[in-house]
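Any read-out appearing in this document is the output of simple, stated calculations on the displayed coordinates, not a laboratory observation. This one's a predicted model, so the numbers in the text were calculated from it and none came from an experiment. Backbone-built Cβ (ideal geometry, glycine too); neighbour counts: all protein chains shown.
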Amino acid sequence: MAKRQIVLDTETTGLDPKLGHRVIEVAGVELVNRRLTGRHFHRYLNPGRDSDEGALQVHGLTTEFLSDKPKFAEVVDEFLEYITGAELIIHNAPFDTGFLDNELALARRKKLKAYCPEVTDTLRMARELHPGKRNGLDALCDRYQIDNSARTLHGALLDAELLADVYLAMTRGQDSLIIESETAGTGQQAAGFSRGELKLTVLRASAEEVAAHEAQLAEIDKASGGAVWTAMSADKGTLEAKQR
């Protein structure tokens, strides 16, 4: 069965939805069986308020630019249709899911987990893979040699595209699992072989090699006070004598 994942990112007016901050940009890129499909979702949103100065310096999306953009409630159904049933891949997932849950509540919809029960946090994953190192998106792009030169400001679509590349690099070992699963599904089997096709050469020990081996065993037997194989050989000899 095809595995569908959405790599998701948002931009916001500030850091905390409990303080009235809103989502101003949301974007996702689709992966199916770990391959980019080219099916994207990207919307700028009118939050109905200004961005904090710190947030504005990060994303550069001014109140004037966003003033003619749709409200989240106007695109919520389209957004949910895009993500429903997929695993979400998000960097610092608690931040984005907290904001999206707030937007969904304001639009009188269920929480995100009702539509996408599985969420993977790539920040947590990166911290487990690279403890004690910087694990922001830029640092991960540098570590995995992904070109992020176009990222002068944060933008949800560009960041989602970069994160998709980072995620695939961090989980590259899973490619073999996908290939094995697909091969198993075709009903193909590994080619067998017959023992009759094998031609083995048997090299037997010379009399001198046998004598040297027995002498070595005798020394080990003497040093150990009686080795296991000596007792086994004696028992075998007794049994053979009785059978004659």
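A few comments on the model shown:
- Potential lengthening between His130 and Asn92 on full extension [0.36 nm per residue; Cα-Cα distance subtracted]: 12.2 nm
- Mean Cβ count within 10 Å, highest first, over the residues of peptides 116-122, 49-55, 207-213: 116-122, 49-55, 207-213
- Treating r as the C-beta distance of Ser206 and Thr84 and R0 as 45 Å, the FRET efficiency rounds to 0.05.
- The modelled label-to-label distance between Gln145 and Ser67, using points 7 Å beyond Cα along the C-beta direction, is 4.8 nm.
- Fully extending the segment from Glu219 to Arg49, taken as 0.36 nm per residue of separation minus the present Cα-Cα distance, adds 52.2 nm.
- Computed over the Cα atoms of the range 4-185, the ratio of the radius of gyration to the Kirkwood radius (Rg/Rh) comes to 0.97.
- Between the beta carbons of Met1 and Arg108, assuming R0 = 25 Å, the FRET efficiency works out to 0.15 to the nearest 0.05.
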